[in-house]
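Some notes on the structure that comes next.
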Amino acid sequence: MQLSAEGIDALVSADSVAVLTGAGVSAESGVPTFRDPDGLWQQFKPEELASMNAFLANPELVQRWYAERRNLLDEVSPNAGHLALADLERLVTEKGGSFHLTTQNVDGLHQAAGSNNVGEVHGSLRRSYCVDCKRKATTKEMKSFRSGTPARCSACDGLIRPDVVWFGEMLPAEVLQAGENVARNADVYLSVGTSAEVYPAAGLPLLARDAGAFVMEINPRKTALTPYASASIRGTSATVLPELVKTLSRRLEMS
Ligand code: OAD
């Protein structure tokens with residue numbers, strides 16, 4: 001793995017660092033990605049599980065699938081990549097800079113690792129709500145589906161859905177806006193573990209690049225962002241990020 005010397009220099013002098021993460025960041029924690037050969041969208045059809053139409057056609061099936069993904073979260077922990085991003089936030093803010101992380105992940109592992117300034121642009125698997133009265137569902141309600149009977153709101157009997165963004169839905173406006181604002185103002189923008197194929201999130205590093213940021217991609221494979229990145233580091237996030245943060249920390253100590 002070859003770290004980018006130019007990228008380290010840019011990080012040393014950066015006042016503002018922003019990050020976009022995708023499913024690849026959690027792969028080494030045991031959470032499956034979507035588009036890799038063993039990814040979720042190779043085994044399941046998104047149109048049957050991740051849209052309002054799919055949900056209304058078979059709410060119990062969709063609730064069950066999300067419950068299985070949620071159960072997996074009880075068994076996983078942040079990996080060295082998540083922890084390094086939390087360290088990066090500390091390093092940048094301790095030297096008076098600003099740091100913001102936009103994640104497409106719905107697993108909450110960045111927060112579990114200690115990252116503070118996190119925008120969940122695709123929602124969270126850990127929350128559900130009633131499609132009718134919009135009330136946040138309790139854990140008991142979330143688990144209350146039975147064979148042939150979907151989970152329903154105990155207040156109004158509406159269907160309970162996961163608080164994640166489905167295909168055809170808008171992203172949470174304030175979270176997206178915050179991600180766009182920091183992208184426009186970032187000196188360095190890191191795109192980590194994402195195929196950069198799903199918009200509008202995939203547009204954030206491009207926004208940053210157009211505004212003059214040094215855009216560094218960290219991914220074992222080439223992505224849709226690669227041709228536009230200032231540097232691409234080929235490696236997994238749990239190996240590259242700790243090295244990157246260690247190198248930055250040493251450089252900051254010397255300066
Ligand atoms: P993808 O599955 O599209 O892409 C995962 C990326 O992670 C790929 O580019 C892999 O090469 C890379 N990768 C795999 N293992 C890695 C590792 N250990 N370290 C670093 N990178 C690794 O996932 P996303 O880009 O997150 O949306 O997908 C975006 C959105 O598409 C998701 O948020 C989800 C999905 O449909 C919703 O659910 C709304």
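The values are calculated or read from the model by the stated rules, or taken from the named source; none is laboratory data. The shown structure was predicted, so the numbers you read here are calculated from the model rather than taken from an experiment. Cβ placement follows ideal geometry from the backbone for every residue including glycine, while neighbour counts extend to all protein chains displayed.
Observations
- Per-region count, the stretch 148-171, residues exposed (fewer than 14 other Cβ atoms within 10 Å of the Cβ), more than 16 Å from the ligand (Cβ to nearest atom) and closer than 20 Å to Arg135 by Cβ: 4
- Single residue of the stretch 1-25 satisfying the filter (modelled with pLDDT of 95 or more and within 12 Å of the ligand (Cβ to nearest atom)) that is surrounded by the fewest Cβ atoms within 10 Å (Cβ to Cβ): Ala23
- Search result, residues across the stretch 67-90 that are farther than 12 Å from Ser29 by Cα and either more than 17 Å from the chain's Cα centre (by Cα) or away from the ligand (no atom under 13 Å from the Cβ) (or both): Ala67, Glu68, Arg70, Asn71, Ala86, Asp87, Leu88, Glu89, Arg90
- Residue, farthest from the chain's Cα centre (by Cα), within the stretch 97-128, restricted to residues that are crowded, with 19+ Cβ neighbours inside 10 Å and away from the ligand (no atom under 16 Å from the Cβ): Phe99
- Residue in the stretch 35-57 that is more than 23 Å from Glu180 (Cβ to Cβ), of a type in the set (Lys, Arg) and out of contact with any Lys or Arg (no Cβ under 8 Å at 6 or more places or on another chain) present: yes
- The stretch 189-233 - residue that is in contact (Cβ under 8 Å) with a residue 60 or more places away in the chain and in contact with a Pro (Cβ under 6 Å, 6 or more places away or on another chain) and, of those, nearest to the ligand (Cβ to nearest atom): Ser191
- Test: Glu243 is acidic (Asp, Glu), under 18 Å from the mean Cα position of the chain (by Cα) and surrounded by fewer than 16 Cβ atoms within 10 Å (Cβ to Cβ): no
- Yes/no for Thr93 being over 15 Å from Val25 (Cα atoms) and out of contact with any strand residue (DSSP E or B) (no Cβ under 6 Å at 6 or more places or on another chain): no
- Failed item in (1) part of a helix (DSSP H, G or I); (2) away from the ligand (no atom under 13 Å from the Cβ); (3) in contact (Cβ under 8 Å) with a residue 12 or more places away in the chain; (4) not aromatic (Phe, Trp, Tyr), with Glu174 passing the rest: (3)
- In the stretch 5-34, of all residues being of a type in the set (Gly, Ala, Ser) and part of a loop (DSSP other than H, G, I, E, B), the one that is nearest to Gly203 (Cα to Cα) corresponds to Gly22.
- So Arg64, is it part of a helix (DSSP H, G or I), in contact (Cβ under 8 Å) with a residue 60 or more places away in the chain, out of contact with any Leu (no Cβ under 7 Å at 6 or more places or on another chain) and charged (D, E, K, R): yes
- Within the stretch 26-45, being more than 6 Å from the ligand (Cβ to nearest atom) and either of a type in the set (Phe, Trp, Tyr) or touching a residue at least 40 places away in the same chain (Cβ under 8 Å) (or both) holds for Ser26, Ser29, Gly30, Val31, Trp41, Phe44.
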